[in-house]
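Below is one structure, written out as structure tokens; the observations come after it.
The values are calculated or read from the model by the stated rules, or taken from the named source; none is laboratory data. Because the structure is a prediction, the values reported are computed rather than measured. All Cβ positions, glycine included, derive from the backbone under ideal geometry; neighbour counts span all protein chains shown. Remember, those area values only see protein heavy atoms, side chains included, never the ligands or the DNA or RNA. Shrake-Rupley method; radii C 1.70, N 1.55, O 1.52, S 1.80 Å.
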Amino acid sequence: MIFDFKSFHLRSIHAESDQDRKLINVELKNLYDSLTPDEKQIFNLELQTFLMTEVGRLGSDYEAIKNQVSTK
């Protein structure tokens, strides 16, 4: 089972309001609530992997930008 966390993430980033973000979060919560206990475990593992990947990518982007600013 593969959950598409990136689509939820991108939709949230591009949401036009906090209310839209809340609706996206409710949608994700409803998805989670509909899962079996085994599927919830997979969901949680995949979510952790997604978050670690995103945080790592953001850290790399930050360092690259910081280095560009430092050299100017």
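Couple of notes before you dig in:
- In degrees, nearest ten, helix 37-70 long axis to first principal axis of the chain (Cα): 10 degrees
- Accessible area per residue in Å² at 1.4 Å probe, computed on the chain: 81 Å²
- Euclidean distance of C-alpha centroids, the range 34-72 and the range 1-20, integer Å: 14 Å
- About the centre of its Cα atoms, the chain shows a dipole size close to 320 debye [charges on the beta carbon of Lys, Arg (+1) and Asp, Glu (-1) only; nearest 20 debye].
- Distance between the modelled labels on Ala15 and Asp38, one decimal in nanometres: 3.2 nm (7 Å Cα→Cβ projection).
- In the chain, the longest principal axis of the Cα atoms and the axis of helix 18-33 are about 50 degrees apart.
- Glu39 - accessible surface, heavy atoms, 1.4 Å probe, Å² rounded to 10: 50 Å²
- Our estimate of slack between Lys29 and Lys6, defined as 0.36 nm per intervening residue step minus the Cα-Cα distance, is 6.8 nm.
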